[in-house]
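What follows is calculated from the coordinates using simple rules that are stated; it is not laboratory data. Given the structure is predicted, the values throughout are model-derived calculations rather than measurements. With ideal geometry, Cβ positions are generated from the backbone for all residues, glycine too; neighbour counts draw on all protein chains shown.
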Amino acid sequence: MKITSDLLAKLVPGTSAAKRDRFLPFLNDACPRFEINTELRLAAFLATCIVESDHFKATEEYGKGKGRYYGKPDA
């Protein structure tokens, strides 16, 4: 199974191609290494990646200092 930019565009509309393509090599590398080899596993993996990265907007948790939290960035 190969994750494509077109697939990510359907799952995360509004995300630029450059941002999607930035993550493709890492997502595709993870699949065989972690036995993400069925449609169900791929769906779960991508759903988790999309949610945890705030739709590919973040690579670290939001918040500041010790005891960082999940949520939106500080206003």
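Using θ = phi - 60° and the Karplus relation 6.51 cos²θ - 1.76 cosθ + 1.60, list the HN-Hα couplings for the range 30-36 in order, rounded to whole Hz, with x at every Gly or Pro. So the Karplus estimates, Gly and Pro as x, are 5, 4, x, 5, 10, 6, 8 Hz. Between Lys10 and Lys57, the modelled labels are 2.5 nm apart [label points 7 Å from Cα along Cα→Cβ]. Karplus-based coupling profile of the range 40-48, in residue order and whole Hz: 5, 5, 5, 4, 5, 4, 5, 4, 5, with θ = phi - 60° in 6.51 cos²θ - 1.76 cosθ + 1.60 and x standing for Gly or Pro.
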